[in-house]
Structure formats: C-alpha cells, structure tokens
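Here is the structure we will look at.
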Amino acid sequence: MDSKIVGGKVVTASETFRADVGIKNGRIVQLASRIKDKARQTIEAKGCYILPGAIDVHTHLDMPFGGSMTADDFFTGTRAAAFGGTTCLIDFAIQGKGQSLSEALEAWHAKADGKACFDYGFHLAVTDAREEVIDELDQVVKHGVTSFKVFLAYKGSLMIDDGAFFKILRRAKEVGALTMLHAENGEIIDVLVNEALAAGNTEPIYHALTRPEEVESEATARAISLAEMAGAPLYVVHLSCALALEQVKAAREGGLPIMAETCPQYLLLDIKRYLEPDFEGAKYVMSPPLRDRYNWPYLWRGLADGDLQVVSTDHAPFNFKGQKEMGRDNFAAIPNGAPGIENRVALIFNEGVRKNRISLNKMVDLLSTTPAKIFGLAPRKGSVAIGADADLVVFDPRAEMMITAETNHHNMDYTPYEGFKGKGRVVHVLCNGELIVDGDEFLGQAGQGRFIKRNKFSYVA
C-alpha cells in the first residue's frame with residue numbers, strides 16, 4: 001500500500017468503529033481492525049477520529065462583487081480549507097450579463113485550473129436567463145456541472161424574475177440538474193434600502209434591518225410553490241431563520257423534494273454584531289444578514305431532525321481594510337460576504353457535537369456524506385469506504401482549539417469567529433491519498449486538485 005492510517009476510530013454518517021485505513025493509488029482499499037501489510041507511509045491516529053474529508057458546497061473564490069473581488073483565490077482558499085479539514089468544494093461560477101453559460105464556465109476554469117490544492121466542482125449561477133441560455137443548460141450538465149443557482153435578490157445585477165426562475169426549474173429537471181436558490185425578495189429589499197438611505201441611515205445595522213426575516217420567508221415560500229408547479233426539486237442555500245425553515249419543513253412534510261442548507265454564522269453569530277463600534281459591524285455584512293439569536297435553537301433542531309441537510313460556509317471573503325470600508329458612508333456599498341472556509345469543522349464539532357446538539361455521526365453526515373449525495377459526488381466522495389477517494393481527516397478531539405485571524409490561513413485581515421475556542425483540531429489531511437496537511441505544515445501544491453465532473457441529480461435527502 002501507499003499509505004495506512006492506524007490506531008484511530010473511523011466515523012461515518014451511521015457508525016463509529018476502531019479501524020485502520022489502507023490507501024493505494026488515491027483510493028481506500030482496506031478497512032480492518034489492524035492492517036499488517038507494509039505501507040510506504042504510516043500515519044498514527046491513536047486517540048483520534050478518522051473522518052471523511054468535509055465537502056463545502058457553497059464558496060465564492062476569486063469572485064467579483066460590488067466593485068471588488070473576494071480576497072481568496074483558488075490557491076489560498078483551498079489551502080485554508082484544507083487546514084480546516086475540507087478536501088473538496090463546489091464553487092459558484094457566475095454568469096455575466098450577455099455571457100453564455102459556457103463562457104462563464106471557461107472563466108471559472110481559468111481561475112481554478114492550476115491553483116486548487118484539492119478537488120473541486122462548479123455550480124453555475126444563471127443571472128441572464130435569455131431563452132438561448134436556458135437551452136444551454138443541457139450542454140453544461142454534459143460538462144459535469146449539474147446544479148444551477150438563481151437569485152431572487154440583488155435587483156439590477158444578479159436577480160432574475162419569477163418567470164425565468166420557473167423556466168430554469170423545469171429545464172433543470174429535464175436535463176438532470178438541481179436548482180439552487182438565494183431566497184430573499186429583492187423588490188422589497190430595494191424599497192427598504194432606498195428608504196433607509198433617504199432617511200440618512202447608513203450604518204451597518206441597516207443592512208440587517210432592510211433585509212428582515214420576512215423577505216427570506218416570503219421568497220422561500222414563493223420558490224417552493226414555483227418548484228411544486230414545475231414538478232422540480234429545489235435546494236435553498238444559506239437558510240438563516242426559523243420563518244424560512246418553517247416553509248421548508250412544511251414542504252418536506254408534504255412530500256415535496258425540497259432541501260436546504262445553513263451556515264455556521266447563522267448558528268453562532270447574531271444581529272448585535274452589526275452594532276460593534278468603529279464600523280467593525282461591517283465585517284458581518286452578508287446576505288441574508290445575521291439574525292436574532294432566538295433563531296439558533298430552531299436551526300440546530302432542523303439539523304438534528306433532518307429538515308436542514310447540509311452545513312456549508314458561503315465563504316465570500318472581503319477584507320475589512322480596503323474592501324468592507326468601501327461602505328463607510330453607505331451600508332449598501334459594503335461588499336456582502338464573510339470568511340469561514342477554514343473553521344467549519346471545528347465550529348460544528350464544538351458548538352454542535354460537544355454541546356450535544358447533534359451527534360458526531362450527524363456532523364459527518366452534514367459536512368460530508370449528504371453533500372456528496374445531493375451534489376453528485378457520491379460514492380467517490382463523502383465517506384470512509386472501500387473504493388472511495390482517500391480524502392481523509394485525522395481529527396484529535398482532545399486538542400485545544402482557538403480561532404484567530406492571526407492563525408487562520410485564508411487571505412484575510414479578520415475572522416468573524418475571533419476568539420472562539422474549545423477542543424478538537426485537524427491533525428492530518430489527505431486528498432486522493434496524498435498528505436497535504438501535517439500538523440501546522442502545508443504539504444499540498446497549487447494545481448494538485450482536479451475538476452470533478454459530477455453525476456446528474458438523483459438524490460433527495
């Protein structure tokens with residue numbers, strides 16, 4: 001064998017057991033209580049968990065937005081993610097106005113190819129839904145991009161109307177793709193933002209106050225109704241509040257193929273962050289915005305009960321200095337987004353598993369197994385199983401953990417999780433059998449990651 005990981009406990013979405021893991025040619029080839037076969041490399045995992053590499057299905061690397069560019073490219077972003085236990089991501093290729101979908105994909109391939117440190121795929125965000133663009137969905141699916149995102153917010157830039165959304169839902173279903181949704185009512189947000197600015201209200205808190213929970217809930221309910229009419233599945237991204245969760249839960253109880261994700265920021269940070277002095281509240285400007293903390297237990301319960309199926313990051317990193325500061329006199333000019341690509345596993349382990357909100361197996365399900373199934377990466381990714389890619393994380397649950405911008409590896413001057421501490425640390429990370437993180441040392445290389453052509457959509461969680 002090329003490598004073996006010995007002495008640890010393997011954790012899957014359904015069970016935990018003591019086993020060694022044998023690796024050859026980038027795949028898992030053996031799981032046994034003890035592997036006696038020789039290997040060129042032996043990784044000690046005594047006292048540690050052996051987890052499938054986490055999959056982040058919602059990132060924005062090297063993305064233009066609001067006159068700026070996200071601070072992480074595909075090298076710095078995947079390197080930071082690897083240190084946090086993520087070994088695969090799906091980034092959003094954004095179609096520009098007047099652009100074909102193929103042109104958008106070519107642009108994102110140019111960003112990622114030769115830079116990504118681990119395997120990656122793309123979703124495609126459709127922002128200019130002309131008839132010839134909708135007809136092009138079939139060709140994109142043949143390329144291995146089997147999910148499309150639409151925005152019901154960001155009027156004048158990313159937002160599309162309900163008719164175009166409905167057409168995409170139907171066409172995506174026909175070609176074997178999943179439609180993803182940014183659920184906020186952009187028309188209402190536009191009215192509220194203009195009213196706030198006209199009244200001289202420019203501080204970061206007004207970003208949240210002009211995007212209340214009701215605009216997310218309404219858009220979620222409307223989208224579910226359109227998906228039902230289209231007979232199509234729907235995946236709601238970055239769900240942030242109990243009101244929107246109620247819409248998803250009711251639809252699922254009614255038998256509709258509706259799925260949703262949330263993100264650590266909506267589980268752990270609240271609206272009061274926008275009141276931090278010296279414009280520090282701008283660090284938390286993202287859409288949807290942070291909510292009142294009364295939502296937290298509803299979202300955690302949604303994860304535990306299966307009404308929410310995935311925890312992603314929506315990593316959209318803009319530095320405080322020079323980028324977030326663009327909106328000092330106008331909250332609407334603050335680039336939307338925050339970093340999180342490195343900290344997801346540690347946060348969910350500490351705030352979820354250690355506080356008994358979810359089990360360790362459920363954590364693996366939310367971060368690895370179900371994302372792989374929904375987005376056409378299984379059985380290759382998302383599990384510790386014979387034949388799967390050897391994307392593996394050795395995680396020490398006893399090690400001290402503290403999150404700081406200084407020790408994070410992303411290309412950022414802050415982290416919204418500054419000072420979060422607890423137990424649990426990523427010790428080793430393997431991607432396709434290659435050791436890319438060894439303690440504090442990064443052994444991976446730019447361009448080591450491969451573009452993954454994903455299977456057609458076929459799984460409803």
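The values are calculated or read from the model by the stated rules, or taken from the named source; none is laboratory data. Owing to the predicted nature of the structure, the values given are computational and were not obtained by experimental measurement. Methodologically, a virtual Cβ is constructed for each residue, glycine included, from the backbone with ideal geometry; neighbour enumeration extends over all protein chains shown. When the accessible area is computed, the model is the full protein with side chains, heavy atoms only, and any ligands, DNA or RNA have been set aside. Shrake-Rupley method; radii C 1.70, N 1.55, O 1.52, S 1.80 Å.
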**Request:** Provide the per-residue ³J(HN,Hα) series for the range 251-262, in order, calculated from phi with Karplus coefficients 6.51, -1.76, 1.60 and θ = phi - 60°, each as a whole number of Hz, with x at glycine and proline positions.
**Result:** 5, 5, 5, x, x, 7, x, 10, 10, 7, 10, 10
**Message:** What do you get for trypsin sites (Lys or Arg not before Pro) in the range 64-120 restricted to DSSP loop and a cutoff of at most 12 other Cβ within 10 Å of the site's Cβ?
**Reply:** K97
**Asked** Can you give me the Cα centroid spacing of the range 251-312 and the range 322-338 in angstrom?
**Response** 21 Å
**Item:** the range 45-57 - phi-based ³J(HN,Hα) in whole Hz, Karplus 6.51/-1.76/1.60, Gly and Pro as x
**Value:** 10, 4, x, 10, 8, 10, 10, x, x, 5, 10, 9, 9
**Message:** Compute the distance from the alpha-carbon center of the range 355-404 to that of the range 16-67, in whole Å.
**Reply:** 9 Å
**Request:** Quantify, in whole percent, the carbon and sulfur part of the accessible surface of the chain (1.4 Å probe; protein heavy atoms only).
**Result:** 48 percent
**Amide H contacts of K149 (H built 1.01 Å from N, under 5 Å, at least 5 apart or other chain)** = L124, A125, V126, M180
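Cα-Cα pairs above 17 Å in the range 143-197: how many percent?
The answer is 43 percent, as a whole percent.
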**Complete:** On each of the three principal axes the extent of the alpha-carbon atoms of the range 309-461, given in whole Å and largest first, is 55, 39, 36
**Convex hull volume per residue for the range 190-332, taking Cα atoms only, in Å³** = 108 Å³
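Solvent-accessible area per residue for the range 364-424 at a 1.4 Å probe radius, Å²?
Solvent-accessible surface per residue comes out at 35 Å².
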**Complete:** If amide H atoms are modeled at 1.01 Å from N in the peptide plane, then the residues at a separation of 5 or more from L61, or on another chain, having amide H under 5 Å from its own are F92
**Request:** Calculate the length of the line joining the C-alpha centroid of the range 432-461 to that of the range 80-112, in whole Å.
**Result:** 14 Å
**Item:** Exceeding the 31 Å Cα-Cα cut-off - candidates K111/K423; K111/K167; K173/K272
**Value:** K111/K423; K173/K272
**Prompt:** What value, in deg cm²/dmol to 500, does the helix sum -39500 (n - 2.57) over DSSP H runs of n ≥ 4 give at 222 nm once divided by the residues of the chain?
**Reply:** -7500 deg cm²/dmol
**Complete:** In degrees rounded to 10, the 0-90 angle between helix 74-83 Cα long axis and the longest Cα principal axis of the chain is 50 degrees
**Asked** Relative to the first principal axis of the alpha-carbon coordinates of the chain, what is the inclination of helix 213-230, with its axis defined by its Cα atoms, in degrees from 0 to 90 and to the nearest 10?
**Response** 80 degrees
**Complete:** For K381, counting only aspartates and glutamates whose alpha-carbon sits under 13 Å away and dropping same-chain residues fewer than eight positions off, the answer is D56, D119, D365, D389, D391
**Message:** No solvent, one uniform scatterer per C-alpha: report log10 I(q)/I(0) for the range 116-220 via the Debye equation at q = 0.15, 0.19 1/Å, two decimals.
**Reply:** -0.70, -0.91
**Request:** Work out from phi, with θ = phi - 60° and the Karplus expression 6.51 cos²θ - 1.76 cosθ + 1.60, the ³J(HN,Hα) of each residue of the range 363-376, listed in order in whole Hz, and give x for Gly and Pro.
**Result:** 4, 4, 4, 6, 9, 10, 5, 5, x, 5, 5, 5, 9, x
**Asked** Hey, what angle do you get for helix 186-198 against the long axis of the chain, alpha-carbon based, 0 to 90 degrees rounded to 10?
**Response** 70 degrees
